[in-house]
1. Any idea how many residues of segment 49-63 are surrounded by 16 or more Cβ atoms within 10 Å (Cβ to Cβ) and closer than 30 Å to Ala276 by Cβ?
2. How many of the residues making up segment 118-174 are closer than 23 Å to Arg64 by Cβ, under 10 Å from the mean Cα position of the chain (by Cα) and small (Gly, Ala, Ser)?
3. For segment 140-181, name all the residues that are among the hydrophobic types (A, V, I, L, M, F, W, C) and closer than 20 Å to Gly247 by Cα.
4. On the phi < 0 side of the Ramachandran plot and exposed (fewer than 14 other Cβ atoms within 10 Å of the Cβ): which single residue out of Ser41, Ser12, Ser46 fits that description?
5. Among the residues of segment 180-210, count how many are among the acidic types (Asp, Glu), assigned to a helix (DSSP H, G or I) and out of contact with any Gly (no Cβ under 9 Å at 6 or more places or on another chain).
6. Given the criteria touching an Asp or Glu at 6+ places or on another chain (Cβ under 8 Å) and touching a residue at least 12 places away in the same chain (Cβ under 8 Å), does Arg156 qualify?
7. When you scan segment 15-38, how many residues do you find that are open to solvent by less than 50 Å² (accessible area, probe 1.4 Å) and either out of contact with any helix residue (DSSP H, G or I) (no Cβ under 8 Å at 6 or more places or on another chain) or aliphatic (A, V, I, L, M) (or both)?
8. When you scan segment 47-70, how many residues do you find that are modelled with pLDDT under 85, assigned to a loop (DSSP other than H, G, I, E, B) and either more than 18 Å from Ser14 (Cβ to Cβ) or within 29 Å of the chain's Cα centre (by Cα) (or both)?
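The values are calculated or read from the model by the stated rules, or taken from the named source; none is laboratory data. Keep in mind it's a predicted model, so treat the numbers as computed, not measured. Don't worry about glycine lacking a Cβ; one is built from the backbone with ideal geometry, like all the others, and counts go over all protein chains shown. Side chains are part of the model used for accessible areas, which takes the heavy atoms of the whole protein and leaves out ligands, DNA and RNA. Shrake-Rupley method; radii C 1.70, N 1.55, O 1.52, S 1.80 Å.
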Amino acid sequence: MKLFRDIVQDRSFSKGAALNGISQSAASQNLHDLEQQLGVSLLDRSTRPLTLTEAGKLYLDMCRDVLRRRDDFQVALDLLKGQVEGTVRVASIYSVGLSEMSQIEREFSRRHPQARLEVEYLRPEKVYEAVVTDRADLGLLSYPEPNKSITVRPWREEEMVLAASPYHPLANKPEVRPENLEGLAFIGFDEDLPIRRNIDRFLKDHRVRVNITLHFDNLLTIKNAVAHGSGVSIMPARIMEEEVAQGRLVRIPIAPRKLFRPVGIVHLRKKRFHRAGQAFLDLLQEPPGAWTAALSQS
């Protein structure tokens with residue numbers, strides 16, 4: 001049932017197979033055997049990408065219902081056993097994951113050695129999709145928006161700063177004002193990303209026009225472009241710590257009005273967390289200083 005759900009969700013035998021640790025041919029044979037058993041076709045293989053038949057839609061609904069019931073059973077069983085064990089599935093945007101997920105994973109493992117994390121790094125729209133289809137227990141992303149299926153738990157507010165090469169004319173300034181960016185070569189985010197829309201709004205509010213020479217869908221590529229002198233950018237200060245320490249980038253506060261990126265935790269509104277999931281959620285909502293000292297000594 002999980003294999004079928006994953007194949008349908010990704011509209012791909014290869015991706016569904018990979019998520020379940022089997023080969024594409026094994027996934028195809030599994031579905032063929034299932035259709036033979038049921039006496040109906042579940043997928044229309046003549047279309048690209050794959051689409052569901054009417055029978056397939058019925059079967060998918062049952063799969064999702066049974067898989068949710070299985071999760072509810074696991075929650076109840078964990079409560080009876082009184083142990084924190086099992087797998088917590090997390091979908092995260094790259095910038096959150098790359099900046100600190102390794103530390104969070106180490107602390108979670110230290111506290112709960114019988115539990116484990118499965119972290120998948122995705123674009124924002126794919127994080128929502130993973131949570132809605134229950135392929136992830138939790139999602140971590142910026143500019144989170146609740147809807148009828150998803151609830152949002154505010155996590156933190158990240159200050160946005162100007163990122164520049166150490167050799168840029170603005171690099172030695174203690175702070176910059178929006179008007180200092182007028183006409184500068186600027187490395188932006190792709191237009192469909194929430195962070196791009198919010199930076200554009202910030203610049204428009206200050207009547208500033210920048211010259212967007214390049215744009216990318218992830219912070220790592222943008223940081224590299226800025227470090228090579230292709231332009232400046234605006235990004236969360238915490239994302240730049242390693243590059244600043246290496247002397248590859250400088251971060252310059254924006255004044256007088258600071259810009260912040262909200263980051264939140266999203267999950268299904270009616271989600272029942274098993275003990276490991278609840279333990280991970282509790283860890284995320286702790287102040288980092290409460291456990292970073294323990295990590296440094298371990």
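1. Total satisfying the criteria: 3.
2. Within segment 118-174, residues that are closer than 23 Å to Arg64 by Cβ, under 10 Å from the mean Cα position of the chain (by Cα) and small (Gly, Ala, Ser) number 2.
3. Met160, Val161, Leu162, Ala163, Ala164, Leu170, Ala171, Val176 - these are the residues of segment 140-181 that are among the hydrophobic types (A, V, I, L, M, F, W, C) and closer than 20 Å to Gly247 by Cα.
4. Ser46
5. 1
6. No, not satisfied.
7. Number satisfying all stated conditions: 6.
8. The total comes to 3.
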